[in-house]
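Let me begin by presenting the structure, written as structure tokens, before commenting on it.
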Number of protein chains: 2
Amino acid sequence: MTDVSPDLLFKALADPSRRALFERLCMDGEQTVGALTAGAGISQPAVSKHLGLLKQAGLVLDRHEGRQTHYSAQQRALAPLVDWTGRMNRFWEARFDDLEDLLKRMDQ
Amino acid sequence: MTDVSPDLLFKALADPSRRALFERLCMDGEQTVGALTAGAGISQPAVSKHLGLLKQAGLVLDRHEGRQTHYSAQQRALAPLVDWTGRMNRFWEARFDDLEDLLKRMDQ
DNA sequence: GACACTCATAACTATCTGGTTATGAGAAAA
DNA sequence: TTTTCTCATAACCAGATAGTTATGAGTGTC
């Protein structure tokens, strides 16, 4: 529930297989490991490991039901990423404003 | 100028040293390799390599002036990231709306 | 021209990482 | 209970990667 560092998020999403799994969960909703393995081009243990990392990064939740595990995307998880990009853009705009101010002053 | 794949962006930003360099460029504006090396806890060649990757990912620009190279953050570079996170959230919300619809129908 | 400075590249190394196969644990089915 | 199914973990391997030192290329300075 508590926010995860951007570092974990970036690392988790840097791998294409992992990002693809997360995208599928976002698009199609909760799915079992078996369903996710079908369609991912990698073995079931590889999928499980990736899901483990995604879970550790707070990007997915797991739910055990009988002998299968259902994974789902955790919506709020991307918030730190949005915050980070927003912050970077804001820095940029701040410097841009400074430049504008400078130009205005030079104009007078 | 043309948009870069989210893959390159995520990979470039997944490394802490690289992300720190980019953040400094966003916060403080254009800087030389020397200035960036001071403060990064790593050697100058390491910094140069990271800057090379950031440039390849479209995150920074370089400008040669005499014997020094000035790097700056490229503002629009984060756009694909913003798009991607937005898309993921939109998927999520769409499924949420479906659920709402379902609940509404069940309610009738 | 000789020297100093700034950065990029080369070459190398240790560690990380993403994949594999083999296997074990737990739950349903027979 | 035995078997089958689903997933996670263990053990291992090959390639990627982030760092290092050494050096070269290009530019200003003396």
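The values are calculated or read from the model by the stated rules, or taken from the named source; none is laboratory data. Note that the coordinates shown come from a computational prediction; the quantities given were computed from them, not determined experimentally. A quick note on method: Cβ atoms are made from the backbone with ideal geometry, for glycine too, and the neighbour counts reach across all protein chains shown. Protein only, heavy atoms only, side chains kept; ligands, DNA and RNA dropped before computing areas. Shrake-Rupley method; radii C 1.70, N 1.55, O 1.52, S 1.80 Å.
Data for the structure
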| item | result |
| --- | --- |
| Any chance B:ARG63 is at negative phi and part of a helix (DSSP H, G or I) | no |
| All positions within the range A:59-90 that are within 10 Å of the chain's Cα centre (by Cα) and within 16 Å of DNA strand C (Cβ to nearest atom) | A:LEU59, A:VAL60 |
| From B:ASP28, B:ASP15, B:ASP3, residue being charged (D, E, K, R) and in contact with a Pro (Cβ under 6 Å, 6 or more places away or on another chain) | B:ASP3 |
| Residue match in the range B:80-91 (condition: free of Cβ contacts under 8 Å to residues at least 24 places away in the same chain, closer than 29 Å to A:LEU25 by Cα and among the aromatic types (Phe, Trp, Tyr)) | yes |
| Boolean, B:GLU93 is acidic (Asp, Glu) and more than 16 Å from DNA strand D (Cβ to nearest atom) | yes |
| In the range B:6-58, residue nearest to DNA strand C (Cβ to nearest atom) [restricted to those that are at the interface with another protein chain (Cβ under 10 Å from one of its Cβ atoms) and in a loop (DSSP other than H, G, I, E, B)] | B:ASP15 |
| Filter result for B:LYS49 (without any contact (Cβ under 8 Å) to a residue 24 or more places away in the chain and more than 10 Å from DNA strand D (Cβ to nearest atom)) | no |
| Whichever residue in the range B:1-59 is open to solvent by 70 Å² or more (accessible area, probe 1.4 Å) and touching a strand residue (DSSP E or B) at 6+ places or on another chain (Cβ under 7 Å) and, among such residues, is farthest from A:VAL82 (Cα to Cα) | B:GLU30 |
